[in-house]
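Novice: Encoded as structure tokens, here's the structure I'll be asking about.
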Amino acid sequence: MDKDSINQVIEGGLLPRRALLKASALGLAGSFVVPVRASQDWMTHAGEPQGEYGQPSPFARLKREQTGGHPLGQAAGSSSTPLQDLNGTITPNSLHFERHHSGIPAIDPARHTLTIFGDVRRQLQFSYEDLLAYPMETHQYFLECSGNSFRNTLNAPLDLTAGSLNGLVSGAEWTGVPLHYLLDEAGIDSAARWVIAEGADAAGMTRSLPMKLALDNVMVALYQNGEPLRPAQGYPMRLFVPGSEGNISVKWLHSLKVQGMPAYTRDETAKYTELLTDGKAEMFSLAMGVKSLITSPSGKMTLNRKGIYEVTGLAWSGAGAIRGVEISADGGVNWEPAALQSDARPMALTRFRLPWRWVGQSSILQSRATDTQGNIQPTRTVALARYSAAGFYHYNGIQSWHISNAGVVKNVYV
Amino acid sequence: MFTYKTFVPRCATTGMVLLALSASAIAQPLLDGHNIKPELGRLVPDYQGTIVSGNGSGLPLGQASVEQGERVFNARCAACHGLDGKLAGNQLAGGIGTLATAQPVKTVGSYWPYAPTLYDYIARAMPYNEEKSLSVDEVYGATAYVLYLNGIVKRSEVVSDSTLADIQMPNRDGFIELQQ
């Protein structure tokens, strides 16, 4: 590929993804001269000694944002991952989103048990130490709150960051005991169709899990990104239901009741159900829809030069792996396929990238994901039409970022 | 049970005896998991749990009248929910007939499909920050009073473990179950 073809600006300035690898070789980023002698003070004396538990650079300024208030107060609220400040597909444990219904319990694992009861041959109780002795599996999965991106269901677009708008999703490597090992040990009755999972927090979060899912890829997770779960993520143990709305991955897992019917708890009837326009509501709508967003450039950023930028973001689907992501720089008229990370995993965050030349003109950047089941991420209008106008769960509409002539990036509705 | 020189082939079932390390075990190191389980669960035949289902299973013995419930509600619930259960943000009552409108009001009366769920939720999660502090009969009382505020039971009624599951909620048939 020669320089002319790199410079060939297709609609809106998006460059074909073949250009992705070649662009740097042409020195588009410019060059600079490194002086021979140390000129920074950190080069001339010993730094801080090694610590017990690492901290990020203070220059990185990483923090979660509190995602709105809650009538009950801060402990029943949520905080969102700063997606715009991260890259790759793993969310650091300190920045994983949180949503609690009555705060974070301080559980001593020596006084915590997991009990399997109900329609089983043998009711069984396990300690944390017991579970550590079981065979485990390790998988990367996304976790997304059912209410993620609820702010984009509001009538007027809010001028916020990608994380504030869409950061109730995170990606991690989860390690734990496959749930079916424990259910097999208890011996489930042939008529049992549901497993009711209960948490040990003050809210006693309780959700009904279909047996079909419970026997598939659900785990009792004990580790997140290699370390024991953080208290905010369910220490010492949580249910993890890949691809499903986050609320059913019950944290601080305390009991599992096996029975023929769902429990119809408050959090699967009054909450986490989706009202339709005719007044009926969908219940047990677990799988999260195919979704993506551009994390850079994104809301509250400013492009301070013309030229080449890497448009990058995340895509995921509760129905399988991501098969493709397309990017538009002209508000959805033309779409160009982005490069995907080579190992796009089922029900995991997938990173996409595409070079883009910004020529200083007003533009609208969007991404649109397709999963391996052929589901295509809908426009905001189509996504909103699925549910009652007041609905805010399971919103997966396309995120649009407007770049002004001055380079200011803002959330807009198209 | 396991020693440093005793391995189980990863394809083995739990019923198989332990096998000494063999050449084939070396050829297939345990890199991608195995299913050999220690079976450490302890029998707890008497465990009851506290999960109450929509059909009333799991409800403990107990009862309360609406009038008894009014005293519980006013003392322990009304600060957040309002004396009439209609305080915005934590509204429990009203809204019947609004679900198909542009501004649906989801409350116990307008939205919840099962009355026993009310018992379950109050017993486990209310009052906020004083969770599990109500007695069984106080939970029945609060349940009865919230149903009364929604016009679902009369002021003279008593609600108990034997009657709660029979109470017809107005939106009982309002849901489409996607996993059935």
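Novice: Using the structure shown, decide if B:Ala88 is within 14 Å of chain A (Cβ to nearest Cβ), open to solvent by 70 Å² or more (accessible area, probe 1.4 Å) and within 30 Å of A:Leu154 (Cβ to Cβ). Outline the logic, then answer.
Specialist: Values: within 14 Å of chain A (Cβ to nearest Cβ): yes; open to solvent by 70 Å² or more (accessible area, probe 1.4 Å): yes; within 30 Å of A:Leu154 (Cβ to Cβ): yes.
It is true that B:Ala88 is within 14 Å of chain A (Cβ to nearest Cβ), open to solvent by 70 Å² or more (accessible area, probe 1.4 Å) and within 30 Å of A:Leu154 (Cβ to Cβ).
Novice: Report yes if A:Pro262 is out of contact with any Lys or Arg (no Cβ under 9 Å at 6 or more places or on another chain), crowded, with 21+ Cβ neighbours inside 10 Å and either closer than 15 Å to A:Arg99 by Cα or of a type outside the set (Gly, Ala, Ser) (or both), otherwise no.
Specialist: Details: out of contact with any Lys or Arg (no Cβ under 9 Å at 6 or more places or on another chain): no; crowded, with 21+ Cβ neighbours inside 10 Å: yes; either closer than 15 Å to A:Arg99 by Cα or of a type outside the set (Gly, Ala, Ser) (or both): yes.
No, not satisfied.
Novice: Just the residues that are open to solvent by 10 Å² or more (accessible area, probe 1.4 Å) and either within 13 Å of another protein chain (Cβ to nearest Cβ) or assigned to a loop (DSSP other than H, G, I, E, B) (or both), please, taken from region A:289-302. Steps first, please.
Specialist: Of region A:289-302, the ones open to solvent by 10 Å² or more (accessible area, probe 1.4 Å) are A:289, A:296, A:300-302.
Answer for region A:289-302, where residues must be open to solvent by 10 Å² or more (accessible area, probe 1.4 Å) and either within 13 Å of another protein chain (Cβ to nearest Cβ) or assigned to a loop (DSSP other than H, G, I, E, B) (or both): A:Gly289, A:Lys300, A:Met301.
Novice: Report yes if some residue within region B:160-175 is more than 27 Å from A:Ile104 (Cα to Cα), modelled with pLDDT of 95 or more and at the interface with chain A (Cβ under 7 Å from one of its Cβ atoms); otherwise report no. Even if it seems obvious, please write down each step before you answer.
Specialist: From region B:160-175, those more than 27 Å from A:Ile104 (Cα to Cα) are B:160-175; that's our starting set.
Remaining after also requiring modelled with pLDDT of 95 or more: B:160-175.
Retained after the next criterion (residues that are at the interface with chain A (Cβ under 7 Å from one of its Cβ atoms)): B:174-175.
Yes: one or more hits.
Novice: All but one of (1) of a type outside the set (S, T, N, Q); (2) buried (at least 20 other Cβ atoms within 10 Å of the Cβ); (3) within 12 Å of chain A (Cβ to nearest Cβ); (4) under 25 Å from B:Gln168 (Cα atoms) hold for B:Gly41; which doesn't?
Specialist: For B:Gly41, the exception is condition (4).
Novice: Looking at B:Glu138, B:Glu131, which one is farther than 29 Å from A:Tyr387 by Cβ and open to solvent by less than 60 Å² (accessible area, probe 1.4 Å)?
Specialist: On the way: B:Glu138 fails: open to solvent by less than 60 Å² (accessible area, probe 1.4 Å).
Just one listed residue meets the conditions, B:Glu131.
Novice: Ok, one more. Return the residue satisfying two criteria in turn: it lies in region A:94-133 and is free of Cβ contacts under 8 Å to residues at least 40 places away in the same chain and at the interface with chain B (Cβ under 9 Å from one of its Cβ atoms), and of such residues it is most open to solvent (accessible area, probe 1.4 Å).
Specialist: Only one residue fits best here, namely A:Glu129.
Novice: Can I ask one more? Checking A:Thr269 against (1) in contact with an Asp or Glu (Cβ under 6 Å, 6 or more places away or on another chain); (2) within 12 Å of chain B (Cβ to nearest Cβ), which single condition isn't satisfied?
Specialist: Only one criterion in (1) in contact with an Asp or Glu (Cβ under 6 Å, 6 or more places away or on another chain); (2) within 12 Å of chain B (Cβ to nearest Cβ) is unmet by A:Thr269, namely (1).
Novice: Given (1) crowded, with 23+ Cβ neighbours inside 10 Å; (2) more than 21 Å from the chain's Cα centre (by Cα), where does A:Ser149 come up short, assuming only one miss?
Specialist: That leaves (2) as the condition not met.
Novice: Filter region B:100-111 down to the residues that are open to solvent by less than 20 Å² (accessible area, probe 1.4 Å) and either modelled with pLDDT under 95 or at the interface with chain A (Cβ under 7 Å from one of its Cβ atoms) (or both) and list them by number.
Specialist: Our first condition is that a residue be open to solvent by less than 20 Å² (accessible area, probe 1.4 Å); within region B:100-111, this holds for B:107-111.
B:Tyr111, the sole residue that qualifies.
Novice: Still on this structure, please answer the following. If you scan region A:304-324, which residues turn out to be more than 30 Å from B:Gln179 (Cα to Cα) and open to solvent by less than 10 Å² (accessible area, probe 1.4 Å)? Show your work before the answer.
Specialist: As a first pass, look at region A:304-324 and keep what is more than 30 Å from B:Gln179 (Cα to Cα): A:304-313.
Scanning region A:304-324 gives A:Val311, A:Thr312, A:Gly313.
Novice: Is region A:81-92 home to any residue that is surrounded by fewer than 20 Cβ atoms within 10 Å (Cβ to Cβ), more than 14 Å from chain B (Cβ to nearest Cβ) and under 30 Å from B:Glu39 (Cβ atoms)?
Specialist: no
Novice: When both residues are 6+ apart or on different chains and their Cβ atoms are under 9 Å apart, which pairs have a first residue that lies in region A:134-159 and is within 14 Å of another protein chain (Cβ to nearest Cβ), and a second that is among the aromatic types (Phe, Trp, Tyr) and part of a strand (DSSP E or B)?
Specialist: From residues that are within 14 Å of another protein chain (Cβ to nearest Cβ), the pairs are A:Tyr134/A:Phe126; A:Met136/A:Tyr223; A:Glu137/A:Trp174; A:Thr138/A:Trp174; A:Thr138/A:Tyr223; A:His139/A:Trp174; A:His139/A:Phe240.
The values are calculated or read from the model by the stated rules, or taken from the named source; none is laboratory data. Everything quoted here is computed from the prediction, not taken from an experiment. Note: ideal-geometry Cβ built from the backbone for every residue, glycine included; neighbour counts use all protein chains shown. Quick note on the areas: whole protein, heavy atoms, side chains included, nothing else; ligands and nucleic acids left out. Shrake-Rupley method; radii C 1.70, N 1.55, O 1.52, S 1.80 Å.
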